[in-house]
Structure formats: C-alpha cells, structure tokens
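Dumping the structure here so I can ask a few things about it.
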Amino acid sequence: MNPNGSINGRPLAPADPYAVQTPQAPPVYHVWVNLSNLATQASQEYPGLVLGWRRTSDGYEAQVVYVIPSRTQRHSDASQIAWLPATKLKPRT
C-alpha cells in the first residue's frame, strides 16, 4: 500500500482487504451481581453486563458494569464499574 492509500497506483476499493484484521468486539454477557460480603451492601443481586475477563492468582475476575437502584429517590440510580470475582456473578436467564 502506498502512503496515499492506493495499491499499485489505483485507489482503494471497498472490496480490498484491510492491512490489519479488525478485531471483533467481545461478547457482552448479562449477569446478576451479588455484592454481599464485598461492601456494606445488603444481600441483593443487581443486573449487570460483563465487559471483560482477566485471570488472577485467586481465579477469574470479570469487569462488570452494574446499576444499584436508589432506595430513597426515584431517578437517582448509581452505575458502577468494577472487577469482581467470578463467584459473585451468575448468568441472567
């Protein structure tokens, strides 16, 4: 590919392959997040989305975004993003 974006002197066509393969987005999983024993949260489960996984010395952790509904005011829910142990998650069915 030439610096001007052409191949062999002709402009790139939509059917031309990319120079680097484009990565596919990882799948997003809907889960229930159990926050008991992690903080002062009551023993409840909250809906969440798994954004990614990593392996630690204690096992797997998931990066999860979840929403904690407000108990006092309507429309004041709080969203959180955290790395949580896989044992705190269960598939949402």
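Any idea which residue in the range 24-66 is nearest to the chain's Cα centre (by Cα), counting only those that are among the β-branched types (Val, Ile, Thr) and at pLDDT 85 or above?
Among those that are among the β-branched types (Val, Ile, Thr) and at pLDDT 85 or above, it is 50.
I'd like the residue in the range 68-83 that is surrounded by 14 or more Cβ atoms within 10 Å (Cβ to Cβ) and under 12 Å from residue 49 (Cα atoms) and, out of all such residues, is modelled with the lowest pLDDT.
Among residues in the range 68-83 that are surrounded by 14 or more Cβ atoms within 10 Å (Cβ to Cβ) and under 12 Å from residue 49 (Cα atoms), the one modelled with the lowest pLDDT is 80.
For the range 48-93, enumerate the residues that are within 12 Å of residue 31 (Cβ to Cβ) and of a type in the set (A, V, I, L, M).
Within the range 48-93, 49, 50, 51, 62, 64, 65, 84, 86, 89 qualify.
The values are calculated or read from the model by the stated rules, or taken from the named source; none is laboratory data. Only a predicted model underlies this, so the values are computations on that prediction, with no experimental measurement involved. Using ideal geometry, Cβ is built from the backbone for each residue, glycine included, and neighbour counts are taken over all protein chains shown.
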